[in-house]
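Data block below; observations after.
The values are calculated or read from the model by the stated rules, or taken from the named source; none is laboratory data. This one's a predicted model, so the numbers in the text were calculated from it and none came from an experiment. Because the Cβ atoms are built from the backbone with ideal geometry, glycine has one as well, and the counts that use them run over all protein chains shown.
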Amino acid sequence: MATTTAAVTLSSDLMSANISVSASSTLMKAGTTADGLDQIEYAVLEIATGDEYDLIANTPTATKASKLYVKNHSIDETYFVAVTQNSQAIGKLYGGDWMFIPADFHDAAADIAITSNGGTNKIEYALIHEGTTLLAT
Amino acid sequence: MATTCNITIASDIAPGFGGISESMTLTQAGNLTDIDSTTGFSLRKLSATGAVDLVTMANELVEPKDSVSAKIYIRNIGDGRGNIDKSVGVTIGVNAETIGKLYGGDWMMMPLTCIDADDVTANPDTDNTVVLEYIMFYEEA
């Protein structure tokens, strides 16, 4: 079985009792307890300002247990990418920000799309999944 | 005051994949000032299918600023009594849009708009008790 783990540590002193969270998850295929996600798409892209682009070129199998990691490697804190799904604004990743989400891809329009703002943003992403429909030549 | 979040992804899917280890400091939009507001750490127990708001933006006591650098961390911690079932999950959404499903033990860290309509929703697969822990960081409007 392929084994992929995603661990997080989160700490904050915004409250008088400091917040400290630590968690780790082994990424399994949908509905299973013994079979790990076994495919990955990993890339670094430079995205110029202007148009909105689909981050994932292929079509991952819908409603599975895919996980998506995206980081904005821009070093200018004023640069950001706006993240949308199916025209629904999700949020913004400023320079240095990252996100890690379960990605459902429940229909053809449900890809993750990003729009670069401020300047060219350098984006790293990893899609860990269990199947995708490749584009025919 | 600082809020930091680190991620480490390790995998043997591809021999050449060296893994990911990254850190971020949560700051306000467009500058290096630390983010200043949080909902605090919360647990939400769900015992029935059907979408519910995990965060209702319009109901926050401190109004979040829209379309800036808010983030939310959510984790499915199982039934809250130490039993974590990887085969069932809770579907997380924003507004009417499904984002994805957190199976037992899974976690997510996601940016948010904090616009009033863009509530964060949770919809369990089954009527069995499942507990989500979550915390949102945002800028005060």
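Residue check: is B:K71 within 12 Å of chain A (Cβ to nearest Cβ), outside any strand (DSSP E or B) and surrounded by 15 or more Cβ atoms within 10 Å (Cβ to Cβ)?
Numbers: within 12 Å of chain A (Cβ to nearest Cβ): yes; outside any strand (DSSP E or B): no; surrounded by 15 or more Cβ atoms within 10 Å (Cβ to Cβ): yes.
No: the conditions fail for B:K71.
Step by step: first the residues of region A:13-56, then only those that are among the aliphatic types (A, V, I, L, M), surrounded by 13 or more Cβ atoms within 10 Å (Cβ to Cβ) and in contact (Cβ under 8 Å) with a residue 40 or more places away in the chain, then the one that is farthest from B:T25 (Cα to Cα). Which residue is that? Walk me through it before giving the result.
So in region A:13-56, the residues among the aliphatic types (A, V, I, L, M) come out as A:14-15, A:17, A:19, A:21, A:23, A:27-28, A:30, A:34, A:37, A:40, A:43-45, A:47-48, A:55-56.
Still in the list and also surrounded by 13 or more Cβ atoms within 10 Å (Cβ to Cβ): A:14, A:19, A:21, A:23, A:27-28, A:30, A:37, A:40, A:45, A:47, A:55-56.
After this cut, where a residue has to be in contact (Cβ under 8 Å) with a residue 40 or more places away in the chain as well, the list is A:27, A:30, A:37, A:40, A:45, A:47, A:55-56.
Values: A:L27: 25, A:A30: 32, A:L37: 29, A:I40: 27, A:L45: 22, A:I47: 23, A:L55: 24, A:I56: 26 Å.
Step by step, filter region A:13-56, then rank; the result is A:A30.
Is it fair to say A:A110 is part of a strand (DSSP E or B) and either in contact with a Ser or Thr (Cβ under 6 Å, 6 or more places away or on another chain) or in contact (Cβ under 8 Å) with a residue 12 or more places away in the chain (or both)?
Details: part of a strand (DSSP E or B): no; either in contact with a Ser or Thr (Cβ under 6 Å, 6 or more places away or on another chain) or in contact (Cβ under 8 Å) with a residue 12 or more places away in the chain (or both): yes.
For A:A110, the condition - part of a strand (DSSP E or B) and either in contact with a Ser or Thr (Cβ under 6 Å, 6 or more places away or on another chain) or in contact (Cβ under 8 Å) with a residue 12 or more places away in the chain (or both) - is not met.
Any chance region A:77-94 includes a residue that's under 17 Å from B:W107 (Cα atoms) and of a type in the set (G, A, S)? Scanning region A:77-94 turns up no residue that is under 17 Å from B:W107 (Cα atoms) and of a type in the set (G, A, S).
Filter region B:83-141 down to the residues that are within 13 Å of B:Y73 (Cα to Cα) and of a type in the set (F, W, Y), then identify the one that is surrounded by the fewest Cβ atoms within 10 Å (Cβ to Cβ). Step by step, filter region B:83-141, then rank; the result is B:Y134.
Of the listed requirements (1) at the interface with another protein chain (Cβ under 9 Å from one of its Cβ atoms); (2) closer than 30 Å to B:S37 by Cα; (3) surrounded by fewer than 17 Cβ atoms within 10 Å (Cβ to Cβ), A:L10 misses just one: (3).
Report, by residue number, each residue of region B:93-117 that is more than 7 Å from every other protein chain (Cβ to nearest Cβ) and either aromatic (F, W, Y) or touching a residue at least 12 places away in the same chain (Cβ under 8 Å) (or both). Can you show your working first?
Taking region B:93-117 as the starting set, the residues that turn out to be more than 7 Å from every other protein chain (Cβ to nearest Cβ) are B:93, B:96, B:104, B:114-117.
Within region B:93-117, B:G93, B:G104, B:C114, B:I115, B:D116, B:A117 meet the criteria.
Looking at B:D66, B:D53, B:D34, which is the one that is in contact with a Leu (Cβ under 8 Å, 6 or more places away or on another chain), among the acidic types (D, E) and more than 7 Å from every other protein chain (Cβ to nearest Cβ)? First the steps, then the outcome.
Numbers: B:D66 fails: in contact with a Leu (Cβ under 8 Å, 6 or more places away or on another chain); B:D53 fails: in contact with a Leu (Cβ under 8 Å, 6 or more places away or on another chain).
Sole residue among the options that is in contact with a Leu (Cβ under 8 Å, 6 or more places away or on another chain), among the acidic types (D, E) and more than 7 Å from every other protein chain (Cβ to nearest Cβ): B:D34.
Looking across region B:1-31, the residues that are more than 7 Å from every other protein chain (Cβ to nearest Cβ), at pLDDT 95 or above and not in a strand (DSSP E or B) come down to B:G19, B:L26, B:Q28. Residues in region B:33-64 that are assigned to a loop (DSSP other than H, G, I, E, B) and at pLDDT 95 or above: B:T33, B:I35, B:S47, B:A48, B:T49, B:G50, B:A51, B:T56. With respect to the conditions (1) in contact (Cβ under 8 Å) with a residue 12 or more places away in the chain; (2) more than 26 Å from A:G95 (Cβ to Cβ), B:K71 lacks only one, and its number is (2).
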